[in-house]
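In what follows, a structure is listed as structure tokens, so that the remarks can point back to it.
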Amino acid sequence: MNKIIISTVLIYLFFHSSYGQGYHYSLNLTEIESDELEITLDCPIITSDAIIYYFPKTIPGTYSELDYGRYIKKLSAYDEFGNKLKIKKIDINTFEISNAKTLRKIKYKVVDTFDEKVKKKNKIFEPAGTNFEKDKVFIFNNGGMFGCFENMEDQTFYLEIKKDETLNGFSSLESNTNSNEILFSAIDYHQLIDCPIFFTSKKSEQINIGGCNINIATYANSDSSSYYVKKEILDLFNAIELFTGRLPVLNYNLLIYYEDMIKDIEKLNLDTTNLSNISLVKALKFQRLFKGKAFGALEHGTSSLYFLPYLENMDYTSNLTDVIIHEFMHIYTPLSLHSNLIGDFNYLKPQMSQHLWLYEGITEYFSLQIQMQGKLIDFEDLLYGEIKQKIESSLTYPDSIPFTEMSMNVLEDPYKELYMQVYDRGAIMAMLLDFEIMRLTSGNQTLKSVIFELAEKYGPNKSFNEDTFISEFVSLINPDLQKFFDDYVSGKKPLDIKGGFEVVGIKFDREQKGKIPVNILSKKENDIKYSPVIVNGKKKITKVGPNELVGFKKGDLVDIQESIDCYRDQNGDFVPAGTIIFLNVLRDNREVKLSFAAKYKEGSLFNVLKIDGDKTIMQQKLFDIWTN
């Protein structure tokens, strides 16, 4: 009882002791109506006759226009006597309030971005959005909840949130709580934006890895989702620790929302345990279920927020490894290594940085390297799988638009259509930059060592110069590295993938003509039919004809990549025609090894990778540094 009284007193003092200084927001989660919450702001002291009150056009980490103001309704301003003040709406995000010296209170309603239908094409990416489900889950990306006065971003923000006792709140903000109320504080608007708030009625979990406390808060159709995530993330965080030397933060929040797709799927009468065995029509309908839903994640300084699909009987941790590692490694770039354009982010009129090669490309590359060095995936599987796929994707983007030019203009046409290249072309560019750094320093420096050195120098509260950073980067390594940036990052030359791989003893050919394997998963080249749906990289055989080459049976699940790799020997060369080769398939939920004679045809293979079995001493040294 005494603890409850003391806690209540502390909460009251926490919220009211600084009245008139800073922003004091209050709302009640139990009073939600039609996916709308009412928010009240007790304003800081205003010294000007008029003041601009705004919601962000976009926020750091997202590279599209969000226009949170679209979801704000019935905004009113009042003086201390409750009289309404005149408000002029300047644009979709901005309100000008007259007689601002008398301003004491602002009230408005916020609409849930997950469910609200908007006319604009730029629907808010769910991990940057808001979601209100009474007594179940609330997601606050705070730019979509709480506005700010122009040029008053540096004041303290206080949030007083009343809630049902069944909801637990999670955030990296400082907080104080009792069963029915929780209070958060942020030192300024930048911290408020950087710390989403996640309320869930489901059980959470916690794990400590390398001295870092990791909170796992989830919302799904099961109370056990956090438990399953906890079980699976141990290896990946150990791999991160191996790569970084130590986890860079003491506390971290994984905030994961699973969108329940089961009811929609039931309408299609689909068996989610056997998605491969469906018709083309149903496959297209299944694909439409996901249209308009931006599954993914958004990084923050000591947390990340995920929006993921849930299908019945699907593993809660399916496909989480890549995305969790990527979001966590954003702690280094851009959260600990960023330009002044991010450090002093302009939420009203954002100016985008030219350094997406750093913020996204390098982060995605590091996520691959962590999986490789942490043995989360076999090197050959990574090289011939995801790395090859990223190479193929990167080659579809135009070299005529420099990466830096795309970055600076990513909110505008035609550049915004090219943004997704940061995860493919950007990652391959980062890999080649790593190879070049190792080549120029004979392995004494790597991309990782340079990034960690710079992150240590700057940290989250200090920005580098947007215009001179590449020169600073080059100065840490070798003047000859400038040519790489001039050619590939800010220039228009096609990436030298072949020359880059040669540094670490891997051969790359854009096109290889001659005898190539017959495609055993082709309807034209083998007497089979298969399901149009590919699940986890596997095709399902639906019909086998009399001239089938391998020994497939109806219902077999065949890994697409393995159907090609089975033709290669241990050195990566194709075996001679007629050689008996082996392929594992999944048949009736058990693995079966099939054997058949290698058969070839005339043709071309593209983007062929092969590990050189006769590396030079330096190639072997750099290969070992890269992979271990």
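Data overview
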item	result
Spin-label model distance (nm) - Ser393 vs Ser442, 7 Å beyond Cα toward Cβ	3.8 nm
The chain - percent relative contact order, Cα under 8 Å, separation 6 or more	10 percent
Loop-exposed GluC sites (Glu not before Pro) per DSSP, neighbour cap 12 Cβ within 10 angstrom, longest uninterrupted part of the chain	166-411
Calculated FRET value between Asp378 and Asn83, using beta carbons and R₀ = 56 Å, to 0.05	0.20
Option label - Cα Rg over 2.2 N^0.38 Å computed here, alternatives (i) 1.07; (ii) 1.14; (iii) 1.02	(i)
Longest segment of the chain lacking chymotrypsin sites (Phe, Trp or Tyr not before Pro) that sit in a DSSP loop with at most 12 other Cβ atoms within 10 Å	82-628
1.4 Å probe accessible area per residue over segment 66-181, in Å²	47 Å²
Relative contact order computed over segment 560-628 (Cα-Cα under 8 Å; 6+ residues apart), in percent	26 percent
Cα centroid separation - segment 16-79 against segment 424-483, whole Å	40 Å
Full-extension gain in nm, Lys621 to Lys515, via 0.36 nm per residue minus C-alpha separation	34.8 nm
Radius 12 Å from Cβ of Asp188, net charge of other residues (Lys, Arg +1; Asp, Glu -1)	-4
Gain on full stretching of the segment that runs from Lys416 to Ala597 - 0.36 nm per residue minus C-alpha separation	60.3 nm
Fraction of accessible area attributable to carbon and sulfur, the chain (%, probe 1.4 Å)	48 percent
Summed residue charge, Cβ within 13 Å of Gln421's Cβ, Lys/Arg positive, Asp/Glu negative	-4
Stretchable slack from Asp135 to Ser224, in nm (0.36 nm times residue separation minus alpha-carbon distance)	30.2 nm
Local electrostatic count at Leu234 - Lys and Arg +1, Asp and Glu -1, tallied over other residues with Cβ under 12 Å	-2
Contact order normalised by residue count of segment 26-172, Cα under 8 Å, 6+ apart, percent	31 percent
Segment 171-255: trypsin sites (Lys or Arg not before Pro) falling in loop per DSSP and having at most 14 other Cβ within 10 Å	Arg246
Accessible area per residue, Å², segment 305-454 with all protein chains present, probe 1.4 Å	33 Å²
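The values are calculated or read from the model by the stated rules, or taken from the named source; none is laboratory data. Please read these numbers as outputs of a predicted model, since none were measured by experiment. Every residue, glycine among them, receives a Cβ derived from its backbone with ideal geometry; neighbour counts consider all protein chains shown. Just the protein is used for accessible areas: all its heavy atoms, side chains included, with ligands, DNA and RNA removed. Shrake-Rupley method; radii C 1.70, N 1.55, O 1.52, S 1.80 Å.
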